[in-house]
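The values are calculated or read from the model by the stated rules, or taken from the named source; none is laboratory data. Predicted, not measured: the structure shown is a model, and the values here were computed from it. We place every Cβ from the backbone using ideal geometry, glycine too, and count neighbours over all the protein chains shown. SASA here: full protein model, heavy atoms, side chains in, ligands and nucleic acids out. Shrake-Rupley method; radii C 1.70, N 1.55, O 1.52, S 1.80 Å.
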Amino acid sequence: MSKDGTVLAETTFTPLRGSSSVRATLPPEAATYTLFKSFERTSAVSPKVESLWTFRSARPESAEPQALPLAPVRYMPAGLNDGNQAPKGRPTVLPVWVERAPGAPAAAPKSLKVEASFDDGATWRPVPFAGKPGIGVVTVTPPGTASFVSLRATAVDQVVQTVVRAYQLR
């Protein structure tokens with residue numbers, strides 16, 4: 001975690017099934033904070049997920065602890081099988097939304113942009129988005145030669161989240 005560009009803390013994160021919470025005590029003065037979280041696993045689908053949150057925080061010395069405004073981006077691809085595979089050469093519809101962290105302020109992002117990569121994140125292409133900031137639908141149309149779809153979402157003033165090989169094409 002960093003404050004106004006200065007690293008405050010670093011730690012190794014080991015994701016546990018059903019748990020990905022982050023707790024931190026922040027200094028009381030107003031500042032811009034960033035938190036980068038990355039994990040890798042041995043899996044054909046979603047082997048690497050990275051999130052970079054940016055937020056402002058200030059609190060009086062006597063204030064009660066509050067949840068950090070870490071809002072992950074969620075997807076619910078339509079038409080995937082149990083192996084997280086979509087039909088090759090056909091569009092996939094993905095409802096997408098920015099989820100509020102429990103107890104965090106409910107501020108919608110200024111905008112939400114989704115990009116897709118068909119080469120594990122080497123290059124990115126914008127994906128048409130329909131909806132309002134924080135919630136909508138995208139349709140990903142991969143080239144016929146693609147084997148996987150990676151996704152990167154940017155919720156302005158909140159998070160940039162990348163999922164390498166989010167789903168496979170078969």
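For the range 99-115, the condition of being farther than 23 Å from residue 57 by Cβ and among the aliphatic types (A, V, I, L, M) holds for at least one residue.
Across the range 71-84, the number of residues qualifying as open to solvent by 60 Å² or more (accessible area, probe 1.4 Å) and assigned to a strand (DSSP E or B) comes to 1.
Answer yes or no: is there a residue in the range 156-164 that is open to solvent by less than 60 Å² (accessible area, probe 1.4 Å), under 30 Å from residue 29 (Cβ atoms), in a loop (DSSP other than H, G, I, E, B) and in contact with a Lys or Arg (Cβ under 9 Å, 6 or more places away or on another chain). Within the range 156-164, one or more residues are open to solvent by less than 60 Å² (accessible area, probe 1.4 Å), under 30 Å from residue 29 (Cβ atoms), in a loop (DSSP other than H, G, I, E, B) and in contact with a Lys or Arg (Cβ under 9 Å, 6 or more places away or on another chain). Comparison of 87, 143, 91 shows that the only residue that is open to solvent by 20 Å² or more (accessible area, probe 1.4 Å), out of contact with any strand residue (DSSP E or B) (no Cβ under 9 Å at 6 or more places or on another chain), in contact (Cβ under 8 Å) with a residue 12 or more places away in the chain and over 30 Å from residue 25 (Cα atoms) is 143. On the given criteria, is residue 123 open to solvent by 40 Å² or more (accessible area, probe 1.4 Å), modelled with pLDDT of 85 or more and over 12 Å from the mean Cα position of the chain (by Cα)? Against the criterion (open to solvent by 40 Å² or more (accessible area, probe 1.4 Å), modelled with pLDDT of 85 or more and over 12 Å from the mean Cα position of the chain (by Cα)), residue 123 qualifies. Only one of the numbered conditions (1) basic (Lys, Arg); (2) in contact with a strand residue (DSSP E or B) (Cβ under 7 Å, 6 or more places away or on another chain); (3) over 19 Å from residue 52 (Cα atoms) is not met by residue 113, and that is (3).
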